[in-house]
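The values are calculated or read from the model by the stated rules, or taken from the named source; none is laboratory data. Remember, predicted model here, so these are calculated numbers, not experimental data. FYI the Cβ positions are ideal-geometry reconstructions off the backbone, even for glycines, and counts take in every protein chain you see. Surface accessibility is based on the protein's heavy atoms, side chains included, excluding ligands, DNA and RNA. Shrake-Rupley method; radii C 1.70, N 1.55, O 1.52, S 1.80 Å.
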Amino acid sequence: MATLADASLSFTRVPHPAPASAEVRAQVLANPGFGTKFSDHMVSIEWSEDKGWHKAEILPYGPIALDPAASVLHYAQEIFEGLKAYRLADGGIALFRPHANAARFNASARRLAMPEIPEELFVEAVRQLVLTDNEWFPTVEGGSLYLRPFMFATEAFLGVRPAKSYRFLVIASPAGNYFKSGSPAVSIWVSDYTRAAPGGTGAAKCGGNYAASLVPTAEAFARGHDQVLFLDAAQHMWVEELGGMNLFFVHADGSLITPALTGTILPGITRESLIMLAREEGLTVKEGRYSLDQWREDAASGQLLETFACGTAAVVTPVGKVADHNGEFVIGTGGPGQLTQKLRQRLVAIQRGDEADTHGWVTRIA
Ligand SMILES: *Cc1c(COP(=O)(O)O)cnc(C)c1O
């Protein structure tokens, strides 16, 4: 189990004057959905050129004031992270690989010309919020407290250059199941649009990537699918990832392939964790290229048994059907495959402390 070092800033605390009542909270926690309800508090830390990171605060959750010229509103200098806190069987609370999120946040910050935040401060900010709002864990099966750290440029300046002031916030949202349909496998639409090009920001977790994915996502929904899939920008041939999840392909010989991190794919922490778990199961995992044509062919021939998507929000989600302008194809039985279920169960068991954490992934904070 990983331990936490001291963070150098101390946090000022402003308790919420009128937190949600126990009744309202209980209602939310019994049916949290995803991303629509928020806990009572938020963490805020500011950065300026002269002071660096300063003014660390735990504040009532609520609207924030921004200058209309704040550069985030014009040039989208914004990055974010997503991670979950889990209630352990013994009543404790744990985060899953929070330092990996902190490291990726800083990689995103470098790409967006934003200041890096000390990893320990990032983790401490998340920890402070979870401890403050520890009554916001969902009571539903599979529930967790989803944490959203993010940073944006606050400087009021319309010239085009990196801003000189930023704000870092963490908010918390009780989370149930990401896919509300509860369907056993998702259906995906192969988009004609491109998510990320070589040299672009595809490997950074920035709001701008998502803004550009909304038209393709809406198109996928309008066509009756759950998710959008992006191919590579240059040849429109190689599978990259879904709008917000990485992909794995399970072959009949027991091997797995997942698209390699070439700079146009978001380096998922779930992806990396599953590669390690699969290898421990004795499986071969290749990080490489896989084309849409090969995928269709392998699904038809039976060479391909399963496909699953993975990410913090939805954990491991089976892909049942794939469609593009040429028609559609079904993977395996169209439902969740065996290995998909096994890897999901193992990962969830580790995250919730039901299986031994041999990797130092689980960081207990209470
Ligand atoms: C966050 C994200 C993922 C998944 O990353 P995890 O660390 O596993 O949650 C995959 N793709 C995109 C585009 C993402 O933004």
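Of the residues making up the range 253-268, not a single one is among the hydrophobic types (A, V, I, L, M, F, W, C), near the ligand (Cβ under 10 Å from one of its atoms), surrounded by 14 or more Cβ atoms within 10 Å (Cβ to Cβ) and assigned to a helix (DSSP H, G or I). For residue 313, the conditions (1) aliphatic (A, V, I, L, M); (2) modelled with pLDDT of 95 or more; (3) within 29 Å of residue 98 (Cα to Cα) all hold with the exception of (2).
Scanning the range 128-159 for residues that are among the aliphatic types (A, V, I, L, M) and open to solvent by 30 Å² or more (accessible area, probe 1.4 Å) turns up 131, 140, 156, 158.
Residues that are aromatic (Phe, Trp, Tyr) and either assigned to a loop (DSSP other than H, G, I, E, B) or assigned by TED's automatic domain parsing to the domain that holds residue 138 (or both) occur in the range 158-168; there is at least one.
Going through 109, 197, 211, 125 one at a time, which residue ends up being outside any loop (DSSP other than H, G, I, E, B) and surrounded by fewer than 16 Cβ atoms within 10 Å (Cβ to Cβ)?
On the way: 109 fails: surrounded by fewer than 16 Cβ atoms within 10 Å (Cβ to Cβ); 197 fails: outside any loop (DSSP other than H, G, I, E, B); 125 fails: surrounded by fewer than 16 Cβ atoms within 10 Å (Cβ to Cβ).
One residue alone meets the criteria, 211.
Report whether or not residue 335 is away from the ligand (no atom under 16 Å from the Cβ) and in a strand (DSSP E or B). Give the derivation first.
Numbers: away from the ligand (no atom under 16 Å from the Cβ): yes; in a strand (DSSP E or B): no.
The answer is no for residue 335.
May I ask you to verify whether residue 282 is part of a loop (DSSP other than H, G, I, E, B) and touching a Pro at 6+ places or on another chain (Cβ under 8 Å)? Answer is no for this residue. Being closer than 26 Å to residue 100 by Cβ, touching an Asp or Glu at 6+ places or on another chain (Cβ under 6 Å) and without any contact (Cβ under 8 Å) to a residue 24 or more places away in the chain is a property that holds for residue 349.
If you scan the range 214-252, which residues turn out to be in a loop (DSSP other than H, G, I, E, B), within 14 Å of the ligand (Cβ to nearest atom) and not aliphatic (A, V, I, L, M)? Break it down stepwise before answering.
Restricting attention to the range 214-252, the residues satisfying the condition of being in a loop (DSSP other than H, G, I, E, B) are 223-226, 232-237, 243-245, 252.
Still in the list and also within 14 Å of the ligand (Cβ to nearest atom): 243-245.
Across the range 214-252, the qualifying residues are 243, 244.
Annotation: of all residues in the range 234-252 being more than 20 Å from the chain's Cα centre (by Cα) and of a type in the set (A, V, I, L, M), the one that is surrounded by the most Cβ atoms within 10 Å (Cβ to Cβ) is 250. Restricting the range 69-82 to residues that are closer than 17 Å to residue 127 by Cα and surrounded by fewer than 22 Cβ atoms within 10 Å (Cβ to Cβ), the residue that is nearest to the ligand (Cβ to nearest atom) is 82. Here the condition is being within 16 Å of the ligand (Cβ to nearest atom) and either under 21 Å from residue 17 (Cα atoms) or out of contact with any His (no Cβ under 9 Å at 6 or more places or on another chain) (or both); of 86, 61, it holds for 86 alone.
Can you name every residue in the range 291-315 that is within 16 Å of the ligand (Cβ to nearest atom) and either under 11 Å from residue 247 (Cβ atoms) or assigned to a helix (DSSP H, G or I) (or both)?
307, 308, 309, 310, 311
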